[in-house]
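Reviewing the structure listed below.
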Amino acid sequence: VMTAGAADPTLPQDAKAVKFYADVTATGWTNCNIYGWGDLGDYGGSWPGTALSSENVDGKEYYTFTFDASAWGKTVNVIFNNGTEQTVDIKDIVLDKDYIFTLTDNASGKWEVTINGEAPVTPEPPAVKEYGLVGSLTSWGGSPDIKFTDAGNGCYTLMGQPLTTE
């Protein structure tokens, strides 16, 4: 039984609220939202997420979001957005300290981000696997390959394709 006001015995002694600071100076945004997912489920509500308020810290304006101490040690993913533009997916953030997210460049169509001044988080190119059937039925490449369908678990299928003995 927990006493009101007592620390949660399942959390480490150093568990505290974790704060996210979003520096959107490079974007020209006049508002900022947070949307996330991970160990805490979806947080920030539905798209575009929770509107963040601005906070002045040592003379610099940040948009801020605070996780309470019960989230300590959880892993989350996040994007920041202004309702139109957004950041790349920022993945696997462990809630064990405060973070400063600085939006840097929008060359890829989504804003790249540095975390606590480290290397930018950039989008990974999607891994595309395609398999096709070639042979005399496709004029040995003269026609597009007949594509297999990704059936999941590393399996691909092609149904109803007549094959000849040529």
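Any residue that is at pLDDT 80 or above, of a type in the set (A, V, I, L, M, F, W, C), more than 23 Å from Leu40 (Cα to Cα) and touching a helix residue (DSSP H, G or I) at 6+ places or on another chain (Cβ under 9 Å) - is there at least one of those in the range 86-95? Spell out the reasoning first.
Start the filter on the range 86-95 by keeping residues that are at pLDDT 80 or above, which leaves 86-95.
Checking which are of a type in the set (A, V, I, L, M, F, W, C) leaves us with 88, 90, 93-95.
Next, from what is left, pick out any that are more than 23 Å from Leu40 (Cα to Cα): none.
No; the residues of the range 86-95 include none that is at pLDDT 80 or above, of a type in the set (A, V, I, L, M, F, W, C), more than 23 Å from Leu40 (Cα to Cα) and touching a helix residue (DSSP H, G or I) at 6+ places or on another chain (Cβ under 9 Å).
So is Trp47 over 19 Å from Tyr99 (Cα atoms) and either out of contact with any Phe, Trp or Tyr (no Cβ under 9 Å at 6 or more places or on another chain) or at pLDDT below 90 (or both) or not?
yes
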- Query: What residue, among those in the range 101-131 that are closer than 17 Å to Trp29 by Cβ, within 16 Å of the chain's Cα centre (by Cα) and at pLDDT 90 or above, is surrounded by the fewest Cβ atoms within 10 Å (Cβ to Cβ)?
  - Reply: Thr114
- Could you list, in sequence order, the residues of the range 46-58 that are open to solvent by less than 70 Å² (accessible area, probe 1.4 Å) and either within 13 Å of Val24 (Cβ to Cβ) or not in a strand (DSSP E or B) (or both)? Pro48, Gly49, Leu52, Ser54, Glu55
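The values are calculated or read from the model by the stated rules, or taken from the named source; none is laboratory data. As the structure is a computational prediction, the values presented were derived from the model and not from experiment. Every residue, glycine as well, gets a Cβ built from its backbone with ideal geometry; the counts of neighbours run over all protein chains shown. Calculation scope for accessible area: heavy atoms of the full protein, side chains included, ligands and nucleic acids excluded. Shrake-Rupley method; radii C 1.70, N 1.55, O 1.52, S 1.80 Å.
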